[in-house]
Amino acid sequence: MTVTTKSHPTRYKTIFTNGNVTSYSDNTSEKGGHGDGFRPHELIEAALANCISMSIRMYADEHALALDSVSTTVSIDRRETGQVCLQYDIKPEGNLSPAERDELMNLAESCPVRRTLSSEISFQRNGA
């Protein structure tokens, strides 16, 4: 899995692609951008929210649970220096028993992106 970015001629707008899908990120107008794309921290929020929702959907499909849809909201709280809290809210919709609903809600703890973000992370610059 690799994502590559390239500066766009518009100030701060950035094109990113995984080779199959292309999108844009940008900064807010308050910070000199145009707000034409997701801000970088919103992409982290989106990664976790999508992973949680997909994990729940896949589990529900595999176990034939009556899940009509699921929405997940994630926000990053960076107010504490040196600490980050990813807060999330999950809303599964469908004809689910309380036990099934609890089972789905607990899946958030095992989604691959959460496991990645919970790991010790290091950074390594490649090339020149």
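The values are calculated or read from the model by the stated rules, or taken from the named source; none is laboratory data. Model, not experiment: these values are computed from the prediction. Every residue, glycine among them, receives a Cβ derived from its backbone with ideal geometry; neighbour counts consider all protein chains shown.
List the pairs whose first member sits in region 85-111 and is at pLDDT 95 or above, whose second member is of a type in the set (D, E, K, R) and assigned to a helix (DSSP H, G or I), and whose Cβ atoms are under 7 Å apart, counting only residues at least 6 apart or on separate chains?
Pairs found: Pro92/Arg101.
The rows are residues; the columns are (1) under 27 Å from Thr5 (Cα atoms); (2) assigned by TED's automatic domain parsing to the domain that holds Thr4; (3) of a type outside the set (D, E, K, R).
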| site | (1), (2), (3) |
| --- | --- |
| Thr28 | yes, yes, yes |
| Gly32 | yes, yes, yes |
| Thr73 | yes, no, yes |
| Asn106 | no, no, yes |
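Do you know which residues across region 25-41 are in contact with a Ser or Thr (Cβ under 8 Å, 6 or more places away or on another chain) and either among the basic types (Lys, Arg) or surrounded by fewer than 16 Cβ atoms within 10 Å (Cβ to Cβ) (or both)?
The answer is His34, Gly35, Asp36, Arg39, Pro40.
Right, Leu65: in contact (Cβ under 8 Å) with a residue 24 or more places away in the chain, surrounded by 15 or more Cβ atoms within 10 Å (Cβ to Cβ) and in a loop (DSSP other than H, G, I, E, B) or not?
For Leu65, the condition - in contact (Cβ under 8 Å) with a residue 24 or more places away in the chain, surrounded by 15 or more Cβ atoms within 10 Å (Cβ to Cβ) and in a loop (DSSP other than H, G, I, E, B) - is met.
Any idea how many residues of region 19-50 are of a type in the set (Asp, Glu) and within 25 Å of Ile90 (Cβ to Cβ)?
2
Give the residue, chosen from Ile52, Ile15, Ile56, Ile44, that is in contact (Cβ under 8 Å) with a residue 24 or more places away in the chain, under 28 Å from Asn126 (Cα atoms) and not in a loop (DSSP other than H, G, I, E, B).
Checking each option against the conditions leaves just Ile44.
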